[in-house]
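Have a look at the structure below before the remarks.
The values are calculated or read from the model by the stated rules, or taken from the named source; none is laboratory data. If you're wondering where the values come from, they're calculated on a predicted model, not measured in any experiment. Reconstructed Cβ throughout: ideal geometry from the backbone, glycine too, with neighbour counts over all protein chains shown.
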Amino acid sequence: MTKPGRRKLDKQTWLWTDHFRDKVREKKKQYHAFLIEKTADNWQRYQIAKEEAKKAVASDSAAHYAVLNKELESRVNRLAKTRKSKTQDM
């Protein structure tokens with residue numbers, strides 16, 4: 001059940017790889033360490049972990065969508081080619 005005033009986000013959990021999960025868990029761990037003891041060192045560790053998690057998400061999703069687009073593009077080209085050949089007069 002969603003709470004009023006909040007948007008439902010699709011977290012795309014099907015896209016998560018083990019590498020991605022490890023980076024996000026590390027980021028969470030560093031954040032909780034920062035909340036327990038708010039020091040500049042803990043904040044720096046959290047910022048580094050956050051940046052690494054962001055890069056992992058970007059690279060994993062880019063790789064996944066590149067493969068998906070390549071497959072889709074080949075299907076579209078195949079359909080267009082068959083459609084064109086069917087409409088040509090012999």
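Some observations on this one:
- Restricted to segment 52-76, and to residues there that are among the polar types (S, T, N, Q) and within 14 Å of D18 (Cα to Cα), the residue that is modelled with the lowest pLDDT is S61.
- Flag set for K84, criterion: of a type in the set (D, E, K, R) and at pLDDT 80 or above.
- Residues in segment 11-54 that are within 20 Å of Y65 (Cα to Cα) and either of a type in the set (F, W, Y) or in contact with a Gly (Cβ under 8 Å, 6 or more places away or on another chain) (or both): W14, W16, F20.
- K84 free of Cβ contacts under 8 Å to residues at least 60 places away in the same chain and exposed (fewer than 10 other Cβ atoms within 10 Å of the Cβ): yes
- Close Cβ contacts (under 6 Å, 6 or more residues apart or on different chains) running from residues in segment 3-30 that are under 17 Å from E51 (Cβ atoms) and touching a residue at least 24 places away in the same chain (Cβ under 8 Å) to residues that are surrounded by 10 or more Cβ atoms within 10 Å (Cβ to Cβ) and among the charged types (D, E, K, R) comprise F20/D60; K23/E52; K27/K50.
- Long-range neighbours under 9 Å by Cβ, at least six apart or interchain, first residue touching a residue at least 40 places away in the same chain (Cβ under 8 Å) within segment 63-76, second part of a helix (DSSP H, G or I) and hydrophobic (A, V, I, L, M, F, W, C): H64/L15
- Among the residues of segment 1-34, those identified as of a type in the set (A, V, I, L, M) and either surrounded by 10 or more Cβ atoms within 10 Å (Cβ to Cβ) or touching a strand residue (DSSP E or B) at 6+ places or on another chain (Cβ under 9 Å) (or both) are L15, V24, A33.
- Residues of segment 1-48 that turn out to be assigned to a helix (DSSP H, G or I) and of a type in the set (S, T, N, Q), as a count: 5
- Among the residues examined, E51 qualifies as part of a helix (DSSP H, G or I) and farther than 20 Å from W14 by Cβ.
- The set of residues in segment 31-47 that are in contact (Cβ under 8 Å) with a residue 12 or more places away in the chain and over 21 Å from K11 (Cα atoms) comprises A33, F34, N42, R45, Y46.
- Test for R78: is it out of contact with any helix residue (DSSP H, G or I) (no Cβ under 9 Å at 6 or more places or on another chain) and in a loop (DSSP other than H, G, I, E, B): no
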